[in-house]
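**Student:** Let me give you the structure first, and then I'll get to my questions.
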Amino acid sequence: MCVLFIFLLLSHSVYCDNFSSINLPDAHLPFYFASFPSISEKCASDPECPYTSTLHADKCWGYEYSCDESKRYSAPRCPGDHKGWVKSKSDQINTFYTQADFGFVKQQLREMKLLCEPLFADDSSLECSEHLRFCRGRNLMVNFTDLRNREEPIRYKMDVLKEGQIGGYCDFKQKELEAQADHISPLQSWGPEMRYFTRLTRRPIVEGDCDVIIEKPTFIMKIDATVNMYHHFCDFFNLYASLHLNSTQWDAFSTDVHILVWETYTYRSAFQDAWAAFTDHPIWDLKTFRGETVCFKNVVFPLLPRMIFGLYYNTPIIYGCENSGLFHAFSEHILHRLRIPFYHRTNKKIRITLLSRDTKYRRILNEDELIEAIAKNDDYEVQKVVYNRKMGFKEQLELTRNSDVFIGIHGAGLTHLMFLPDWAAVFELYNCEDSNCYLDLARLRGVKYVTWQKINKLTSVEDGSHDGGAHAKFANYSFDVEEFVRLVAIAAKHVQNHPQFKELVKDVDDDLINDRKHDEL
């Protein structure tokens with residue numbers, strides 16, 4: 001177990017005798033140890049430490065102030081023309097890095113302002129980035145006593161707290177906080193809550209003003225729609241980015257933390273397995289502390305899912321760039337923490353997964369015909385899947401992680417593209433007149449994107465329930481088989497030519513494959 005001793009307000013020494021608690025993907029370990037030299041030194045001197053081969057690497061995530069570009073976790077790819085957008089190619093790359101990569105984390109760090117300044121160790125503290133998009137604090141009090149008499153359920157509300165119901169004992173810079181409370185919207189900032197921050201007259205924990213004291217670090221989250229993978233994974237993604245924002249101590253990625261969801265609905269979701277990547281404990285909601293005054297020794301208010309120019313719902317991605325290291329790291333973090341297996345390759349075939357919908361709209365009416373057409377290609381292994389509540393989310397991720405080409409019509413299930421391998425391609429069969437959503441997400445993740453272009457080669461079938469005709473998202477579709485086969489071939493060719501895929505299958509015995517084909521004939 002790793003034990004943290006706090007001697008002064010912001011300085012600490014670290015002793016760690018259980019390195020397995022770090023629990024990061026192998027590729028992330030050099031960056032972790034480079035961030036925490038004291039842990040690296042202890043590992044180097046401990047014969048039981050399993051990570052000695054990852055020590056002393058000259059690496060950095062990309063948000064550290066002294067991080068050289070050549071040592072970053074990854075670099076964006078910007079093959080598209082920069083003209084008309086920025087003045088130079090380097091400006092194009094830097095813009096993408098700041099908008100959508102670890103540079104976004106760096107920008108939040110640069111903006112951090114100390115709004116509640118402690119003078120002594122038992123005092124409170126609060127610091128936030130601009131517009132109160134991210135905050136963290138120590139020894140803070142939150143008063144939930146009014147919730148005892150509140151009958152209506154709370155979700156996306158901006159009146160959970162009122163004046164004096166959140167605060168700390170510190171030198172409070174009220175005017176500076178008020179100047180930052182300009183994004184007042186439920187999921188855009190912590191302004192609706194922090195505008196009521198008050199300087200307390202007593203140290204709440206020391207003076208016994210708390211009904212409950214939370215010792216473990218706690219992340220308080222305002223979350224988006226939990227029924228929709230695209231929206232809910234904005235929550236998980238921003239939580240992951242917030243771990244980096246908060247990575248001032250060795251246990252920045254620990255799962256021994258609490259998560260409090262800022263609503264009174266009991267949390268349920270088909271994607272709830274993803275929480276295991278962040279916490280070992282049950283998810284709390286506001287009912288947990290209804291009627292009580294709660295004090296948090298260490299609390300984080302993470303980045304939110306619908307921030308203006310945020311990640312990834314409102315990300316303004318500059319033209320011509322792709323491959324965010326932050327998105328790549330998030331994908332690896334989730335797959336590692338949830339223990340999603342990667343299959344060993346026994347042949348060089350392209351693994352194609354078609355995501356079938358069992359919903360009322362956006363069904364592929366001739367999907368069996370499409371699947372039959374591409375299954376004739378001996379270079380493909382083809383499967384059809386339905387991702388719904390009948391299939392566990394981790395099983396879904398397992399199928400996605402082991403796909404080379406992922407096909408589906410416009411819908412939240414395409415968010416799975418974030419967990420495809422680096423060489424993969426996603427084929428959004430038809431974007432249903434929402435052309436940027438999954439194109440942008442594919443660009444951020446760094447996988448190939450293909451979609452239908454020839455509208456005259458698809459047929460829309462409406463049910464007649466919409467006056468004046470349905471929007472493209474409220475119809476079902478049939479697709480031209482020949483055009484479908486052509487587009488799948490484009491995606492497959494990308495996979496076959498990708499250096500990482502070539503490396504993956506280079507040791508597969510071609511003679512064995514040919515013998516197997518001969519036997520089948």
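**Student:** If I fit a long axis through the Cα atoms of helix 510-520 and take the longest principal axis of the Cα atoms of the chain, what angle between them do I get, 0 to 90°, rounded to 10?
**Tutor:** Between the helix axis and the principal axis of the chain, the angle is about 60 degrees.
**Student:** Would you list which lysines come within 22 Å of LYS390, measuring only between C-alpha atoms, while excluding same-chain residues fewer than 8 positions from it?
**Tutor:** Cross-link targets: LYS360.
**Student:** Picking from ASN436, SER269, ASN228, whose Cα lies most toward the positive end of the charge dipole for the chain (charges on Cβ: Lys, Arg +1; Asp, Glu -1)?
**Tutor:** ASN436
**Student:** Separate question: Calculate for the chain the 222 nm mean residue ellipticity that helices alone would give, adding -39,500 (n - 2.57) per DSSP H run of length 4 or more and normalising by residue count, nearest 500 deg cm²/dmol.
**Tutor:** Computed mean residue ellipticity for the chain: -8000 deg cm²/dmol.
**Student:** Hey, another quick one. Could you work out the percent of alpha carbon pairs in region 324-401 separated by over 14 Å, rounded to a whole number? Mind dumping the intermediate values first?
**Tutor:** Details: 2126 of 3003 pairs.
Tail of P(r) above 14 Å: 71 percent of Cα pairs.
**Student:** Run through region 16-113 and list the chymotrypsin sites (Phe, Trp or Tyr not before Pro) located in a DSSP loop whose Cβ has at most 14 other Cβ atoms within 10 Å.
**Tutor:** Answer in residue order: TYR65, TRP85.
**Student:** Turning to a different aspect of this structure: Accessible area per residue for the chain in Å², computed with a 1.4 Å probe and the full protein assembly in place, what is it?
**Tutor:** 46
**Student:** If you don't mind, another one. Stretched out fully, how many nm does the piece from GLU433 to ALA27 gain, at 0.36 nm a residue minus the Cα gap?
**Tutor:** Result: 142.4 nm gained on full extension.
**Student:** For region 46-54, just list the computed ³J(HN,Hα) in residue order, Karplus coefficients 6.51, -1.76 and 1.60, θ = phi - 60°, integers in Hz, with x standing in for Gly and Pro.
**Tutor:** Once θ is set to phi - 60°, the couplings for region 46-54 become 10, x, 8, 6, x, 10, 4, 6, 9 Hz.
**Student:** Take every DSSP beta bridge whose two residues both sit in the chain, then give the antiparallel share in percent to the nearest 5.
**Tutor:** The antiparallel proportion sits near 50 percent.
**Student:** Using 0.36 nm times the number of residues separating ILE184 and ASN149, minus their current alpha carbon distance, what extension gain do you get?
**Tutor:** 10.1 nm
**Student:** To continue, here is another question. Round to a whole number: what % of the accessible area of region 289-421 belongs to carbon and sulfur, probe 1.4 Å?
**Tutor:** Carbon and sulfur together cover 45 percent of it.
**Student:** Here is a follow-up. Determine ³J(HN,Hα), in whole Hz, for all residues of region 252-260 in sequence, where each value follows from phi through the Karplus function 6.51 cos²θ - 1.76 cosθ + 1.60 and θ = phi - 60°; x replaces Gly and Pro.
**Tutor:** 4, 9, 5, 9, 8, 9, 9, 10, 10
**Student:** With every protein chain left in place and a probe of 1.4 Å, what is the accessible surface of SER74, to the nearest 10 Å²?
**Tutor:** About 30 Å², rounded to the nearest 10.
**Student:** If you don't mind, there's one more thing I want to ask. Using a 10 Å Cβ count of at most 13 others and DSSP loop calls, identify the longest part of the chain lacking such GluC sites (Glu not before Pro).
**Tutor:** 216-432
**Student:** Could you look at region 129-248 and say what percent of its accessible area is carbon and sulfur, using a 1.4 Å probe and all protein chains?
**Tutor:** Carbon and sulfur atoms account for 44 percent of the accessible area of region 129-248.
**Student:** To the nearest 0.05, what FRET efficiency results for HIS344 and THR52 with a Förster distance of 30 Å applied to their C-beta separation?
**Tutor:** Details: r = 27 Å, r/R0 = 0.89.
The pair HIS344/THR52 has a calculated efficiency of 0.65.
**Student:** Below 24 Å, Cα to Cα, which lysines can LYS493 reach? Residues fewer than 8 away in the same chain don't count.
**Tutor:** Here the lysines satisfying the reach criterion relative to LYS493 are LYS348, LYS349, LYS376, LYS384, LYS448, LYS454, LYS457, LYS502, LYS506, LYS517.
**Student:** Continuing with this model, one more query. Mind listing the long-range amide H neighbours of LEU140? Cut-off is under 5 Å, sequence gap 5 or more, other chains count too, H placed in the peptide plane at 1.01 Å from N.
**Tutor:** Here the answer is PHE296, since their amide H atoms fall under 5 Å of that of LEU140.
**Student:** To the nearest 20 debye, what is the magnitude of the charge dipole of the chain about its Cα centre, counting +1 on the Cβ of each Lys and Arg and -1 on the Cβ of each Asp and Glu? Numbers along the way, then the final one.
**Tutor:** Values: 60 positive and 73 negative charges, 141 e Å.
It comes to approximately 680 debye.
**Student:** Ordered by residue, what ³J(HN,Hα) values in Hz, to whole numbers, does region 176-186 give under the Karplus form 6.51 cos²θ - 1.76 cosθ + 1.60, where θ = phi - 60° and Gly and Pro are x?
**Tutor:** 5, 5, 4, 5, 8, 8, 10, 9, 8, 7, x
**Student:** Considering all alpha-carbon pairs of the chain, what whole percent are spaced by more than 40 angstrom?
**Tutor:** Working: 39741 of 135460 pairs.
Above the 40 Å cut-off, the chain has 29 percent of its Cα pairs.
**Student:** Still on this structure, I have one more. Return the lysines within reach of LYS113: Cα separation strictly under 18 angstrom, same-chain partners fewer than 8 residues apart disregarded; answer none if there are no such residues.
**Tutor:** Those lysines meeting the cut-off are LYS173, LYS175.
**Student:** Could I ask something else about it? Quick one: dipole size for region 252-293, taken about the Cα centre, charges +1 on Lys/Arg Cβ and -1 on Asp/Glu Cβ, in debye to the nearest 20.
**Tutor:** Using only the charged Cβ atoms, the result is roughly 160 debye.
**Student:** Amide H of PHE172: which non-local residues (sequence gap of 5 or more, or other chain) have their own amide H closer than 5 Å, using H built in the peptide plane?
**Tutor:** Those qualifying (amide H under 5 Å, at least 5 residues apart or on another chain) are GLU117.
The values are calculated or read from the model by the stated rules, or taken from the named source; none is laboratory data. Every value quoted in this text rests on a predicted model; they were computed, and no experiment measured them. Cβ sites come from the backbone with ideal geometry, for glycine too, and all protein chains shown count toward neighbours. Please note that ligands, DNA and RNA were not included when accessible areas were found on the heavy atoms of the full protein model with its side chains. Shrake-Rupley method; radii C 1.70, N 1.55, O 1.52, S 1.80 Å.
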